[in-house]
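Below: one structure, written as structure tokens.
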Amino acid sequence: MLCIEAKSLFRSYGNVTAVDGIDISVESGKIFGFLGPNGAGKTTTMKLLTTLIPPSSGTITILGIDASRHPLDVRKKIGVVLQQPSYEPTLTVEKSLEKYGMMWDIDIKTRRDRVEELLTAFDLQDIRKKKNDDISIGQRRRVQVAREFMHDMDLLFLDEPTAGLDPSARRGLLDYIKGKVRDGLTIFFTTHILEEAEYLCDEIAIINRGKIIAVDTPDELKNKFGREKTIKIRIGQMQEISGMLQGVRNYDVSHDEGTVITIHSADSEQILAKILQVLQSNNIQIEDLSVVPTSLEEIFLTVVKNSNASSISSGK
């Protein structure tokens with residue numbers, strides 16, 4: 001079942017087209033990553049899907065509801081954590097969570113139970129009695145995300161939810177999100193931290209200049225766009241081998257407690273074979289050989305770069 005379905009979605013601001021005819025399909029119970037450089041159209045898309053702004057044209061169906069015709073019905077079933085800070089400066093952390101539960105008309109017993117659950121899950125116990133104005137930016141962000149889980153929802157939009165969090169808090173939040181998805185929640189997730197998307201998302205869409213330029217699972221994106229591989233060969237002692245490798249291209253040599261030959265190419269296997277043949281013929285012993293998998297960040301940069309080049313060549 002599709003939780004989000006957007007078709008031919010456009011949004012313009014005067015002469016500027018922020019979202020340019022995109023289609024989005026998100027299955028229920030999945031984590032959908034939405035990536036793109038600054039100004040690509042991520043925030044506008046999220047505002048469209050959460051009914052904060054109407055589309056210039058196109059259709060949006062959220063949880064089976066026509067979002068343009070029935071935005072209030074959509075809002076009752078979703079949660080939204082925007083990138084902008086949002087907190088009550090004079091309320092304590094504990095009271096902030098309680099207030100949010102009251103706003104959603106959660107009964108008092110459920111409200112109190114959820115406050116305790118979230119204080120523990122988001123490591124907020126030690127600051128529960130502190131005012132939001134007296135805690136750090138990262139702690140406020142944890143409170144901002146935690147309070148959204150005070151109410152029941154079928155779909156949660158998270159816009160850069162880990163901004164300002166330390167690595168431990170970031171991993172804790174991501175694991176908590178994974179647990180909620182196992183319970184049936186659907187997540188629409190934007191981030192600039194590509195490792196997060198790779199760790200968390202079932203499917204990823206990359207948007208650039210208002211258009212979706214790639215969409216697939218993280219593994220399939222790597223298969224499609226990750227033709228280049230990085231191979232490292234470590235030789236025990238420092239040796240000057242440039243002369244031996246004349247005629248071999250697309251490799252680098254560095255010296256750090258030995259000599260490391262690094263191959264980074266779409267033809268890395270062929271180059272490796274040539275280098276191994278040279279090393280063997282010169283009786284040079286290899287201490288270590290490793291293949292570094294293509295990261296999602298490299299895929300992202302490649303796809304966006306190719307998209308920009310295509311736009312320039314077409315005059316757009």
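What follows draws every value from the coordinates through simple rules; no lab data is involved. Computed from a predicted structure; not experimentally measured. Note: ideal-geometry Cβ built from the backbone for every residue, glycine included; neighbour counts use all protein chains shown.
Within segment 13-40, residues that are within 22 Å of D183 (Cβ to Cβ) reach partners that are exposed (fewer than 13 other Cβ atoms within 10 Å of the Cβ) with beta carbons closer than 6 Å, at six or more positions or on different chains, in the pairs S28/M1; G29/G184.
State whether one or more residues within segment 92-102 are among the aromatic types (F, W, Y), farther than 30 Å from G21 by Cβ and not in a helix (DSSP H, G or I).
no
Within segment 151-161, take every residue that is part of a loop (DSSP other than H, G, I, E, B) and surrounded by fewer than 24 Cβ atoms within 10 Å (Cβ to Cβ) and give me the one that is nearest to the chain's Cα centre (by Cα). This residue is E160. The number of residues in segment 91-132 that are of a type in the set (S, T, N, Q), touching a helix residue (DSSP H, G or I) at 6+ places or on another chain (Cβ under 9 Å) and under 21 Å from G164 (Cα atoms) comes to 4.
Flag: K47 matches the condition of being part of a helix (DSSP H, G or I) and basic (K, R).
Among the numbered conditions (1) touching a residue at least 60 places away in the same chain (Cβ under 8 Å); (2) part of a helix (DSSP H, G or I), the only one that F188 does not meet is (2). Any residue in segment 106-117 that is within 30 Å of I53 (Cα to Cα) and either out of contact with any Phe, Trp or Tyr (no Cβ under 6 Å at 6 or more places or on another chain) or in a helix (DSSP H, G or I) (or both)? Within segment 106-117, one or more residues are within 30 Å of I53 (Cα to Cα) and either out of contact with any Phe, Trp or Tyr (no Cβ under 6 Å at 6 or more places or on another chain) or in a helix (DSSP H, G or I) (or both).
The single condition among (1) assigned to a helix (DSSP H, G or I); (2) surrounded by fewer than 14 Cβ atoms within 10 Å (Cβ to Cβ) that N38 does not satisfy is (1). Pairs, please: C-beta under 8 Å, at least 6 apart or cross-chain, first residue in contact (Cβ under 8 Å) with a residue 40 or more places away in the chain and in segment 163-176, second small (G, A, S)? Final answer for the pair search is A169/G138; G172/A121; Y176/A121.
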